[in-house]
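Peer 1: Before I ask anything, let me first share the structure, which is written out below as structure tokens.
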Amino acid sequence: MGRNRRPSKLKRKKPRFAWWTSLELHQRSRIKWGSVAAVLAVAMTCAVAAAMSRLEAHVARAIVERSTPMIELVDMPAGLAVLAEEDLHTAMAETLDRFWMDDQLCRALHERVKSVGWVDRANYVRRTGDGHFRVSCRYRVPTALVQQGGEFYLVDVTGVRLPGTYHYDASWQLVQGVRQPAPPPGARWEGEDLAAGLAIIAALGPEAYTDQITGVLVDNFGGRSDPRRSHIELATDRAGGRIHWGSAPGLELEENSVERKLAILRENYQRTGRADARHSVIDVFTYPDRYSIPG
């Protein structure tokens with residue numbers, strides 16, 4: 001019999017830690033941390049970019065909020081700006097403290113500007129750009145100075161008193177002798193005497209000799225001081241010069257019409273170069289075909 005063979009023990013293989021295995025683990029570790037670092041770098045870059053964007057937006061908004069809206073007054077007649085522009089900007093100054101993108105700013109500016117006596121109607125207020133507003137109005141244009149006591153006031157053709165008080169200025173035709181007191185700026189000055197004076201100034205407007213007429217005297221309107229004297233007189237640029245006009249337009253009784261009176265003055269000017277025909281005082285309401293000299 002053969003000898004029983006004892007089974008041989010299986011030999012367990014020992015793990016192999018070669019030098020290249022250690023190197024492989026080290027490289028894998030480096031790749032892992034490199035990826036993490038790259039992700040962190042991208043995240044930090046995005047965070048910084050977002051922060052800078054928010055900062056720029058904040059700074060831009062702060063600059064805009066501190067900026068004062070710019071106002072452009074359009075449709076203003078030539079020569080009116082020197083009289084009216086300061087009043088208009090003063091009226092809007094308080095409203096301009098608002099942020100220029102305020103939804104109600106245009107409406108607020110519209111309400112403020114239409115309250116100024118120079119403005120007959122506020123057409124529109126439009127936002128056109130960063131802090132830029134266009135304000136369009138129909139303005140009241142000065143027609144004459146009205147003297148009352150030692151004060152002088154500007155009025156438009158309809159008799160609305162305009163803002164401010166003034167010194168006498170010969171470039172404006174003057175209405176003297178008005179009875180009613182001056183109203184607040186922007187309100188109509190009541191009284192038929194002023195209305196008559198302004199109607200005569202309007203009638204004289206197209207005439208070539210208008211600059212020789214310096215004012216309209218209505219102190220005897222309706223004959224209230226002396227029924228026998230001319231109810232209205234025109235003052236000329238001659239010292240003490242007077243043209244006896246007669247009654248107010250539309251109230252003529254047995255006297256020349258406005259058109260006839262203007263025709264006499266026009267004929268005087270064409271013939272002598274003077275509306276008063278080179279006399280200190282003349283009458284244009286008595287005779288239909290000529291002036292007369294009161295005696």
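Just so it is clear, none of the values below were taken in a lab; they were calculated from the coordinates. The model shown is predicted, which means the values in this text are computed figures rather than measured ones. Here Cβ is always computed from backbone atoms with ideal geometry, including for glycine, and neighbour counts include all displayed protein chains.
Peer 1: For Ala93 and Leu253, compute 0.36 nm times the residue count separating them, minus their Cα-Cα distance, and round to one decimal in nm.
Peer 2: Details: separation 160, 0.36 × 160 = 57.60 nm, distance 5.34 nm.
Contour length minus the Cα-Cα distance gives 52.3 nm.
Peer 1: Now for a separate question. Assuming 0.36 nm per residue, please report the length gained on full extension of the stretch His132 to Val74 beyond their Cα-Cα distance.
Peer 2: Working: separation 58, 0.36 × 58 = 20.88 nm, distance 1.26 nm.
Result for the pair: 19.6 nm of gain on full extension.
Peer 1: Counting only DSSP beta bridges with both residues in the stretch 70-139, what percent are antiparallel, rounded to the nearest 5?
Peer 2: On the way: 8 of 13 bridges.
Taking every DSSP beta bridge within the stretch 70-139, about 60 percent pair in antiparallel fashion.
Peer 1: Once both labels are modelled 7 Å past Cα along the beta-carbon direction, what's the Val141-Glu85 spacing in nm?
Peer 2: For Val141 paired with Glu85, the spin-label model returns 1.9 nm.
Peer 1: At a 10 angstrom cut-off on C-beta neighbours, averaged per residue, how do the peptides 74-83, 192-201, 268-277, 213-222 rank from highest to lowest? Before the final figure, lay out each step's value.
Peer 2: Numbers: 74-83: 11.7, 192-201: 22.4, 268-277: 17.3, 213-222: 20.6.
Top of the packing list down: 192-201, 213-222, 268-277, 74-83.
Peer 1: Further question: So, counting K/R as plus one and D/E as minus one, what does the shell of residues with Cβ under 13 Å around Ser171 add up to?
Peer 2: Working: positive: none; negative: Asp169, Asp211, Asp237.
Value of the local net charge: -3.
Peer 1: So, one more: Quick one: which residues, 5 or more positions from Phe152 or on another chain, have an amide H under 5 Å from its amide H? H modelled 1.01 Å from N in the peptide plane, none for Pro or chain starts.
Peer 2: So Phe152 has HN proximity to Tyr166.
Peer 1: Going by amide H atoms built from the backbone, whose H comes under 5 Å of the H on Tyr139, apart from near neighbours?
Peer 2: HN-HN under 5 Å from Tyr139: Asp120.
Peer 1: 5 Å is the cut-off here: which amide hydrogens, built 1.01 Å from N in the peptide plane, fall below it relative to Trp172, excluding neighbours closer than 5 in sequence?
Peer 2: For Trp172, whose amide H was placed from the backbone, there are no distant partners under 5 Å.
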